[in-house]
């Protein structure tokens, strides 16, 4: 017992140190609401985020895609704004926030950003600890700590979950706790099983995807521990019921919804062929799970051994992981937006590393197999250390994944690993090669910019023929503007056809002939609207409309005629589905 405690303490110290070693929080718009919800609960006793102006003010709308007048990570309900994501992770992080928030730190401060990192690190470290304790019941403590370290340092736990308050870290913690309690119930007393079900229900509140992990585990429970089914069902629903009540009170629905956009749930899964998303999320250079963590391939060997020995728990865990893989492979945005590695599959990290345990005896007997495991584990750790220390979003800009889906299928610069690996070599003085940069950035961005080929196709190419074409409109509040004016663009689209996923783009053609695409990344300082796009739009069957507006501040715009284009394209291919334009004139001097 003492030895296990000492090993657990060492494991916690090592992983926490590595997670914090980069000295930064890898922030994302996705994590901002979760950072602020504890502040709102502690200081105002509610879940709305109205008081945090930096989340939804003009600057926020300039930095992030907006939907219904607020950044994508929020939902507007009446006069209030709420997180677009589950509140589960914020509640889990609440103890970490309590004293600092009461001491007076502000949600928008650097201290709050660091606090977010500490909370994420602590939660992820606990997931590593619980996995170790689960494995220590099944195999030697030596192999248990090795497998736990591989999980903690050789997966997205290092490069994603521990770096900011995503949903993934809390989800992984609860899944690891579930595994620990399941093993205790199997090895010690099956009456512990409801506690495992309670943890699994909590995992589903952290990330709904975990319902697909619960399904095969529920079947295993029915077959193996039938007398515990009813207590486990009640325990599983206990964490889910309060979250459902919160959603019903705030959104009037069982999940966060938009006020004025109707979404058919299945439409989120109809856009991507399974073979394409599944291959990209597992083996693609941009986001492949087994590319970033090749050591996880050893889990396949663990499943084979578990099948031969009829280990029902391991088989159920493996089935849950496979279901999650299939679901992510069909998700309209399987690559998880701008991030490092297979973020959407971070949650199954503890499940796959748990499946190493049937290999322990084999690795102990076969030195060659053990050498292969450790070699691949070191590579996996190196890849995620690279992300933790070097990732800064530049590759996502270079690949133009928001503009051209091909950047994910055929990644430039060798994908993020090659890109940041080359950058690291350059910083170490081992190579003179410069990392490629996006067009239009750098010291020469005052010069005219050539039209990128995809943009030319968008504004000049034919519209894809459809039985029921999109009806798009774009207008401005007036025709003529002066330097310093604010121009308002109003747009609408009517889709009378079948449901499909689309991207929205704004493109401007200034007087000198070059074209700037506007997705929040600067191509030219004179064309930099204060609201960022594209936003994703979903249409349910039937005739549905989408309306919006955009404020553009005309600061230092040269006089002349400008043409704005509104374009809707297929979500997977850069094929125009609808287009509208509006012409304006900018005159010299201030407005009269």
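Each of 379, 150, 128 was scored by other Cβ atoms within 10 Å of its Cβ. Arranged with the fewest first, they read 379, 150, 128.
The base-10 log of I(q)/I(0) for the range 208-362, evaluated at q = 0.20 Å⁻¹, reads -1.27 [Debye formula, identical scatterers on Cα atoms, solvent excluded]. Taking the centroid of alpha carbons for each part, the range 121-152 and the range 282-339 are 19 Å apart.
Sorting 380-386, 575-581 by average packing, meaning the other beta carbons within 10 Å per residue, from highest down gives 380-386, 575-581. With the Cα gyration tensor of the range 1-125 giving a ≥ b ≥ c as the square roots of its eigenvalues, does the rule (a/c under 1.5 for rounded; else a/b larger than b/c for prolate; else oblate) give rounded, prolate or oblate? Because a/c hits 1.5 or more and a/b exceeds b/c, the range 1-125 counts as prolate.
With both labels modelled 7 Å from their Cα along Cα-to-Cβ, the residue 389 to residue 364 distance reads 3.5 nm. For the range 129-190, the alpha carbon convex hull comes to 62 Å³ per residue, rounded to a whole number. Modelled spin-label separation between residue 309 and residue 283, with each label point placed 7 Å from Cα along the Cα-to-Cβ direction: 2.9 nm.
Annotation: the residues 223, 351, 327, sorted from fewest to most other C-beta atoms within 10 Å of their own C-beta, follow the order 223, 327, 351. Put in order of Cβ neighbour count within 10 Å, fewest first, the listed residues 143, 335, 395 become 143, 335, 395.
Read-outs: derived from the displayed coordinates by stated rules, not from any lab. Worth saying up front: this structure is predicted, and the values here are computed from it rather than measured. Because the Cβ atoms are built from the backbone with ideal geometry, glycine has one as well, and the counts that use them run over all protein chains shown.
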